[in-house]
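First up is the structure itself, then whatever we jot down about it.
Nothing in this text is a laboratory measurement; each read-out follows from the coordinates by a stated rule. Given the structure is predicted, the values throughout are model-derived calculations rather than measurements. Heads up, the Cβs are rebuilt from the backbone with ideal geometry, glycines too, and the neighbour counts pull from every protein chain shown.
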Amino acid sequence: MVRPLAFAGFLIAALFAGPADAAEIKVLSAGALRPLLQDLAPDFEKSSGNRLTFDFATAGGVEERVASGEAVDVALLTEPRIKKLAGEGKIAKDSIALIGRAKIGLAVKKGAPRPDIGSVEAFKRTLLAAGSVGYTDPATGGTSGIHIASVFERLGIASELKPKLRPIAGSAGHPPSVGGAVALGVAEIGLQPISEMMGIPGIDIVGAIPAELQSPDLVYFAGIPTASGQSAPAKAFIEFLTGFEAAPVIKSKGLEPR
């Protein structure tokens, strides 16, 4: 038989064990998922008792940091890059899970005329008519910037666009904000994943560029780096991201859920 005082002590210990045992999960993510992760974080922290800390970079930046052995518990980046890391033994293969697919969109300053991007030819005309075009600097390793540069080549207008291109680079912990550049007037139009531009004040998102010009590589996965010392809490966070309740939030952030 458990004596009342002993049982009361057990209850008090149980009630206060959570915060002391809470894990701090370090998450390193491509910038396209920033709005999604920041929206979902409070629910996960409340339900799990664990704490999330975030750092954001381009997909290329995430890959470089995980490859270097940085202590990260969850990495979120594009499919080719996470598969490469898994092949190198830097990401646990059995931890990889699909989060969602992003689409590149076009934004203009709030209240500005919305250009026609309903077809490949219309999109091409819009690019040529624009005074300046912002996009993620390919040199940063951003998947969308690399792809957009290839789209300019594919459309045969790279040389014509060159004088008015505004490649946008970010800073440590702050991926390139093409939407922010449009809002500030640095670029007349901006091209970046819609999920990255949603919620930025001072811009209107016209919509997604034509399907024929979308990148097949803007599919985002989560995985646990082998350098992580928090594999169990990290796994719980990935399961939360891929769960039923997260799907509508993923969709609301401009991503196609798994």
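Observations on the structure shown:
- Computed lengthening from Glu24 to Phe240, 0.36 nm per intervening residue step minus Cα-Cα distance: 76.2 nm
- Whichever aspartates and glutamates have a C-alpha closer than 18 Å to that of Lys93, once near sequence neighbours (fewer than 8 apart) are set aside: Glu63, Glu64, Glu70, Asp73, Glu79, Glu239
- Entries in Lys109/Lys164; Lys110/Lys164; Lys110/Lys251; Lys26/Lys110; Lys46/Lys90; Lys83/Lys109 that, when Cα-Cα distance is taken, lie over 27 Å: Lys26/Lys110; Lys46/Lys90; Lys83/Lys109
- With the simple spin-label model, which puts each label point 7 Å out from Cα in the Cβ direction, the Ser150 to Ala232 separation comes to 4.2 nm.
- Dividing the convex hull volume of the alpha carbon atoms of the stretch 104-213 by its residue count gives 93 Å³ per residue.
- Cα-based equivalent ellipsoid, the stretch 163-258: semi-axes from gyration tensor eigenvalues, Å: 30, 17, 13
- Two-site label geometry, Ala71 and Leu128: point separation in nm, points 7 Å out along Cα→Cβ: 5.6
- The amide H of Ala187, built 1.01 Å from its N in the peptide plane, has Val182 as neighbours under 5 Å, considering only residues 5 or more places off or on other chains.
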